[in-house]
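Taking it in order: structure first as structure tokens, then the write-up.
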Amino acid sequence: MPKQISTQEHIPISAIYDGVVVTKKGQFSQILMVNSVNFGLKSEEEQNAIIYQYQSFLNSLSFPIQITMHSKQLDLTAYINDLKNRITQEPNELIRYQIQEYVDFVEKLISIANIMDKKFFITIPYQLPPNEMPKEGFLASLFGSSHVHLKVPLKKFMAIKDELQKRVETVVSGLASMGISAQALTTKQLIELFYRTYNQEEAMREKIKGDVEAIGVQTEQAQATAQKAQGETAKKAGNDNNIVNQEISPPQK
């Protein structure tokens, strides 16, 4: 019976380690989540100042960035249920009536309009030079590079991360001049972001190949640690061919 290929095999991500996303094409990236500015409520003078500051910010960069907006329908079910619970616990009749009126208003609003939650992200990449890219074999070139896993020495990875950190600081500083705050996503936050991106319609339990930090750490040191852990687990189970998998549940809402 042919082995079923999971969705993960088609995702271009090779690893997420220490807040860095590693793709199968040899790109290392850190992702910032940034807040937004209500540009429409600014005066014309303030709007012009923001435009000039943004232009100066882009011109100051010596590396590319990618700006992404992630939109999803806002789920207010938990919020409404909490309000309804407060109604049953509120001793004051007038306050109970006001809360109920507010609940009715919110329920009517979401029934006639899609309330969207928008988040903004900036991806800061670092691309490996061509001579350091992983070599693809015949099967990889035939079926695509979805099965190519990048192997990077730990020392090299730390040097790349240091360079990424300098770029992150440059971007954060430039955004701060416009009154925009930004924060780099952690490994856990990155996993949740990509999980929600690839599982928008339904909350499914996804089998993800396990390693040190939930999604295969591909540094040489981490691979050795993972192989040792897998060997010890297999030995305890009495099966040298046992493969350790972690089952990742959908992030808690």
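Readers should treat all values here as calculations from the given coordinates under stated rules, not as data from a laboratory. The shown structure was predicted, so the numbers you read here are calculated from the model rather than taken from an experiment. Don't worry about glycine lacking a Cβ; one is built from the backbone with ideal geometry, like all the others, and counts go over all protein chains shown.
Each residue in 107, 192 was given a count of other beta-carbon atoms within 10 angstrom of its own, and listing them fewest first yields 107, 192.
The calculated pair-distance distribution of region 78-126 uses every alpha carbon pair, bins of 10 angstrom beginning at 0, and gives 21, 35, 20, 12, 9, 3, 0 percent. Neighbour counts of C-beta atoms inside 10 Å place 33, 69 in the sequence 69, 33, starting with the fewest. Measuring against 21 Å, Cα to Cα, the residue pairs 24/72; 24/155; 119/151; 24/156 contain 24/72; 119/151 as the ones spanning a longer distance. Region 148-191 and region 47-124 have Cα centres lying 26 Å from one another.
For trypsin sites (Lys or Arg not before Pro), no site in region 98-130 is both called loop by DSSP and has at most 10 other Cβ atoms within 10 Å. Computed from point charges on the beta carbon alone (+1 for Lys and Arg, -1 for Asp and Glu), the dipole magnitude for region 75-114 about its Cα centre is near 20 Debye. Here the simple spin-label model places points 7 Å from the Cα toward Cβ, and for residue 162 and residue 183 these points are separated by 2.8 nm.
According to the square roots a ≥ b ≥ c of the eigenvalues of the Cα gyration tensor, what is the shape class of region 9-78, taking rounded for a/c under 1.5, prolate for a/b larger than b/c otherwise, and oblate for the remainder? Oblate shape, in that a/c is at least 1.5 and b/c is the bigger or equal ratio.
Note on residue 59/residue 35: beta-carbon distance plugged into 1/(1 + (r/R0)^6) with R0 of 25 Å gives a FRET efficiency of 0.65.
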